[in-house]
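Let me begin by presenting the structure, written as structure tokens, before commenting on it.
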Amino acid sequence: MTVHFKQETFRDDYTYSNSPEAIRRFPFPFDKDEYMYSVNIEQHMPGPAKSPFEFPIDIDEHYVSEMRDRAITLAQDPKRCQSLPHMITAEWDLVELLMESMAKHYPELFTLTQDGDRWRWINRPLDIDQTFTFGDASTLPYPPMEYITRQCQGDFALLDQRLDNLWMDAGMITSQADWSLDFDIGMNFLEWHAPVPLAKDMAIFERALKFLLNLQQGRPVRRLNWTMTINPRLDTSPENYDKWGADRATVTPENVGRKVHLRVELQAMWRLPRSNAIVFSIRGYLINMDELVTVPKWARRFHRVLRELRPELAEYKGLTRYRQTTIDWLAKHDDGAPTSPGFQPD
Amino acid sequence: MSGGVEIAVVVAEIEQAARNVKRFRFAAKDGGSLPHFAAGSHVVVLMRDGERTIRNAYSLIDRAEDGSSYRIGVLRTPNSRGGSKFMHERVSVGDELRITMPVNLFPLFHPGRKHLLIAGGIGVTPIYAMADELQRRGALYEIHYAVRDEAHGAFIDEMRARHGDRLKLYRRDLEEILAVDQILPGQPLGTHLYVCGPEGMIEAVLEGGLEAGWPKEHLHAERFQTPPTGEPFALRLAKAGLTCEVRGDQSMLEALEEAGFDPPSLCRGGACGQCAVDVLEADGELIHNDHYLSAAERASGEKIMLCVSRLKGRELVLDL
Amino acid sequence: MNTDVMDSRPTYGGLRLDPRAKSHLVVVDGDGAPAVLDAFAGAEDELNRTTILCAHEDVAAGGLERLCALRAARLQLSGSSEDLLTEFERVLDGADMSVRIYVAGRESFIGKVVASAALRGVVPDSVVAERRGGVSRRVQCVHCKHIDEGVTASPYRCSGCGQHLLVRDHFSRRLAAFQGVRIDAEIPGEVPPAMELAS
């Protein structure tokens, strides 16, 4: 499989866009014409060829540019990547998981050679050839988690399991939907989900926690979550909200198509072997409204989802200011025809 | 087991580690390497006994340096419901078995400043793995290990070689008593205690910890246990329309599996909560043997765990 | 499980003496003294193995005298809240597992005490805490990371970067602080009137 990597930006002039193939494989998150928060966890099994679910770790045409954007964010704010000292074993577990998966499924791009603890990692798109000793952090140019997550799309949090809870004790978070690792690090599962409205009453996080505490090695799970972002910006952190927040007020009927993006998170969770920690990966996909409506079913359905969304969820997701403008724009692409069940385009 | 990943293994070595304890070394049948695991993990061993499959959970002692094998320890229990007897009498080198992926319900508290590992008898198996892991991480730890006599030699020799005088041994035949009131005083703030052994010992150590003034949050115990035996009773699944008999020497989970029904389960020892189900009717007393349900949940009579709990009565109807 | 725990904001059970502890280490600030009096008054045996740490300037008027009158085995006064935390950490470094830690006072102070103990391997839930005193909060500006103490209204002006911040009900145990986020990021200058924080 060959991937053509696009040269594009996620800030300033925002040249990011999706190729027609990338649009076809977009993980559209709505299988019905309405949305309500739910646990919606399923096994992270291999999905259809060319879909984002084909392999455990998805590398796509935006890889090289996303990694460049991550490096810029880290240079400006090193606290986006942090790890408490007891998480070092989990960091190495993550190195193994990501390198093995990437090398196995994208052999033209990545090669991993393991000779006992002596490992050689070749990353062709980023022009890296690194020999190191697995388990010896001094043989890598960065700490293990930072090293590998500078080379893998998606944000990553490492959750330690103790006292029947999960504790977010490490992470690489540079493209988050408005939460701060620097603030949340050390919190348990229920604490870091506390800002989600409605969830408190539904107690769904308690069920999700119980489920995850029993997550088994070799049985990863995934769920989709979504929000919206103005401009194809990866760094929608609270730290920089004072810089990107104003973008939300710039949406007009004329620019909805290219400015308003649906942002989908493919969240996958693996039990890590040596540490018993859980890695929580948050792989983001962005699609603007012009691109979305090239799939008629998605245009109709997203229009209806957005129209019916409960106000408190819209507020939590930060959509309030441009929601109506977007609904009005999408209405022109919704003829009222019924939509077929399931996520995929017709 | 309920869709979990299973691994085919071959028995590579059997060793009489103590009078009633055999140590088994399992190698992957395909010759590959077995998954890493965190200290405190167990696997469920599936034993084919004719038409019947016996499933028992055993803590992992260690994984060979090259990843080629695991070791477990099996105590032959006098009132064995079949599993330990099978392992002791019917399994020989070269036999094939299946095991599940490691699951950890007894994790170390890694942010702790120091770790006290307390083992009694066969309870040494997870403690052995914990000591190795703490040593690898360069943590502060002590091992306190109570045995009946020198016949537990195999574990003792290996642990002494690895951990030197961090291992303190208590031999009952020499009238050496593992007394928590001797061990706990003066332990530095931030110490965590882990205990695994016979139920009575666990209770005594936990109580001793509280008596020594420790907060309960710092006292950790391996809680899973073998399903207690009892009187037979009938089980009816309302949704599935299935009825079966639970024999005195088997658990509800085992009876359902024998009847071809595969309810969700994980630890099979009353610890993880995976097999908790809703009770619709019970014409007798629910005997809860798990460590998972809250007192309120037990009192409600609405929930029961299939792996270790029973009915003292004629028929139990479940929402399955 | 109780759904009330679905909050990043800690809940405090109230000071209750744990008679099984071999010694008691009590840290007090602000209006915390009455909570200590409620829990320890009359418990002569327990007071014989109790250390109370507090700061001169911080314990509300009258509280100090009444703490002295408790006649705990040891009463250590520090010059400031900062010195008090340093003293607390010094005591922790020499403490063993038989001690129980108690803290009474403002929420941010409790947070700092618990965070200090947690850094030393103590499980936060084992620290017995009671919140007393005003509703003021310690807030970290998520943008410039400056921490303001004693924030009583939202929005407030960050004394680090000068931006107007909404105080979120989101509490970090590591920082012992709430989160402040710019309130007029979307429409600069659109700052609603400040409201007193209610709790």
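The values are calculated or read from the model by the stated rules, or taken from the named source; none is laboratory data. Not measured: the values here are computed from a predicted model. In this analysis, Cβ positions are derived from the backbone assuming ideal geometry, glycine residues included, and neighbour counts consider all displayed protein chains.
Checking each residue in the stretch A:49-81 for being touching a residue at least 60 places away in the same chain (Cβ under 8 Å) and among the hydroxyl-bearing types (Ser, Thr, Tyr) picks out A:Tyr63, A:Ser65, A:Thr73. Within the stretch B:263-284, identify whether any single residue is away from chain C (no Cβ under 14 Å), outside any strand (DSSP E or B), closer than 30 Å to C:Tyr102 by Cα and out of contact with any helix residue (DSSP H, G or I) (no Cβ under 8 Å at 6 or more places or on another chain), and answer yes or no. Checked the stretch B:263-284: no residue is away from chain C (no Cβ under 14 Å), outside any strand (DSSP E or B), closer than 30 Å to C:Tyr102 by Cα and out of contact with any helix residue (DSSP H, G or I) (no Cβ under 8 Å at 6 or more places or on another chain).
Within the stretch A:28-48, residues that are over 12 Å from A:Leu266 (Cα atoms) reach partners that are surrounded by 15 or more Cβ atoms within 10 Å (Cβ to Cβ) and small (Gly, Ala, Ser) with beta carbons closer than 8 Å, at six or more positions or on different chains, in the pairs A:Tyr37/A:Ala199; A:Val39/A:Ala208.
Within the stretch C:9-24, residues that are among the basic types (Lys, Arg) sit with their Cβ atoms under 6 Å from residues that are part of a loop (DSSP other than H, G, I, E, B) and surrounded by 15 or more Cβ atoms within 10 Å (Cβ to Cβ), at 6+ positions apart or across chains, in these pairs: C:Arg20/B:Gly213; C:Lys22/B:Gly213; C:Lys22/C:Ser98. Yes or no: A:Gln324 modelled with pLDDT under 95 and either closer than 30 Å to B:Ile7 by Cβ or more than 14 Å from every other protein chain (Cβ to nearest Cβ) (or both)? The answer is no for A:Gln324. Just one of the listed residues (B:Thr191, B:Thr226) is touching a strand residue (DSSP E or B) at 6+ places or on another chain (Cβ under 9 Å), in contact (Cβ under 8 Å) with a residue 40 or more places away in the chain, within 12 Å of chain C (Cβ to nearest Cβ) and under 30 Å from A:Leu215 (Cβ atoms), and it is B:Thr191. Here B:Val74 clears all of (1) out of contact with any Lys or Arg (no Cβ under 7 Å at 6 or more places or on another chain); (2) within 19 Å of B:Cys267 (Cβ to Cβ); (3) of a type outside the set (D, E, K, R) except the condition numbered (1). All conditions but one from (1) among the acidic types (Asp, Glu); (2) at pLDDT below 95; (3) closer than 23 Å to B:Phe106 by Cα apply to B:Asp62; the one that does not is (2). In the stretch A:297-322, the residues that are without any contact (Cβ under 8 Å) to a residue 12 or more places away in the chain and more than 19 Å from A:Pro341 (Cα to Cα) form Cβ pairs under 7 Å with partners that are assigned to a helix (DSSP H, G or I) and among the hydroxyl-bearing types (Ser, Thr, Tyr), at six or more places apart or across chains, as follows: A:Ala314/A:Thr320.
Of the residues screened, C:Ala194 is not one that is surrounded by 20 or more Cβ atoms within 10 Å (Cβ to Cβ), in contact with a Phe, Trp or Tyr (Cβ under 8 Å, 6 or more places away or on another chain) and on the phi < 0 side of the Ramachandran plot. Could you please let me know if B:Pro263 is of a type outside the set (Val, Ile, Thr), touching a Cys at 6+ places or on another chain (Cβ under 8 Å) and not assigned by TED's automatic domain parsing to the domain that holds B:Glu51? Yes: the conditions hold for B:Pro263.
Within the stretch B:111-163, being within 14 Å of another protein chain (Cβ to nearest Cβ), surrounded by fewer than 20 Cβ atoms within 10 Å (Cβ to Cβ) and assigned to a helix (DSSP H, G or I) holds for B:Asp132, B:Gln135, B:Arg136, B:Arg137. If you filter the stretch C:40-70 down to residues that are among the acidic types (Asp, Glu) and crowded, with 18+ Cβ neighbours inside 10 Å, you find that the one that is nearest to C:Glu149 (Cα to Cα) is C:Asp58. Residues in the stretch B:211-229 that are in a loop (DSSP other than H, G, I, E, B) and not aliphatic (A, V, I, L, M): B:Gly213, B:Trp214, B:Pro215, B:Glu222, B:Arg223, B:Phe224, B:Gln225, B:Thr226, B:Pro227, B:Pro228, B:Thr229. In the stretch B:37-68, the residue that is surrounded by the most Cβ atoms within 10 Å (Cβ to Cβ) out of those that are of a type in the set (S, T, N, Q) and over 27 Å from B:Ile118 (Cβ atoms) is B:Ser68. Note on the stretch A:235-260: residues that are of a type outside the set (A, V, I, L, M, F, W, C), within 14 Å of chain C (Cβ to nearest Cβ) and over 23 Å from the mean Cα position of the chain (by Cα) amount to 1.
Yes/no per residue for (1) farther than 24 Å from B:His42 by Cα; (2) among the charged types (D, E, K, R); (3) crowded, with 18+ Cβ neighbours inside 10 Å:
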{"site": "B:Gln187", "(1), (2), (3)": "yes, no, yes"}
{"site": "B:Glu199", "(1), (2), (3)": "no, yes, no"}
{"site": "B:Glu203", "(1), (2), (3)": "no, yes, no"}
{"site": "B:Gly208", "(1), (2), (3)": "yes, no, yes"}
{"site": "B:Ala221", "(1), (2), (3)": "no, no, yes"}
{"site": "B:Glu231", "(1), (2), (3)": "yes, yes, no"}
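All conditions but one from (1) in contact with a Pro (Cβ under 7 Å, 6 or more places away or on another chain); (2) in a helix (DSSP H, G or I); (3) among the hydrophobic types (A, V, I, L, M, F, W, C) apply to A:Met67; the one that does not is (1).
When each of C:Leu37, C:Leu85 is tested for being buried (at least 17 other Cβ atoms within 10 Å of the Cβ), away from every other protein chain (no Cβ under 14 Å) and farther than 19 Å from C:Arg138 by Cβ, the lone residue that passes is C:Leu37.
Of the residues making up the stretch B:262-313, those that are aliphatic (A, V, I, L, M), modelled with pLDDT under 90 and surrounded by 15 or more Cβ atoms within 10 Å (Cβ to Cβ) number 3.
Does at least one position in the stretch C:113-135 carry a residue that is of a type in the set (A, V, I, L, M, F, W, C) and away from chain B (no Cβ under 14 Å)? Among the residues of the stretch C:113-135, at least one is of a type in the set (A, V, I, L, M, F, W, C) and away from chain B (no Cβ under 14 Å), which makes the answer yes.
Beta carbons closer than 8 Å, at least 6 apart along the sequence or on distinct chains, never pair a first residue in the stretch C:33-44 that is assigned by TED's automatic domain parsing to the domain that holds C:Gly105 with a second that is among the basic types (Lys, Arg) and modelled with pLDDT of 95 or more. Residues of the stretch C:172-190 that are at the interface with chain A (Cβ under 8 Å from one of its Cβ atoms) and touching a Pro at 6+ places or on another chain (Cβ under 7 Å): C:Arg173, C:Val181. Counting only helices (runs of 4 or more DSSP H) that sit wholly inside the stretch A:116-234, those with at least 3 residues that are within 14 Å of chain C (Cβ to nearest Cβ) and without any contact (Cβ under 8 Å) to a residue 24 or more places away in the chain are A:204-213.
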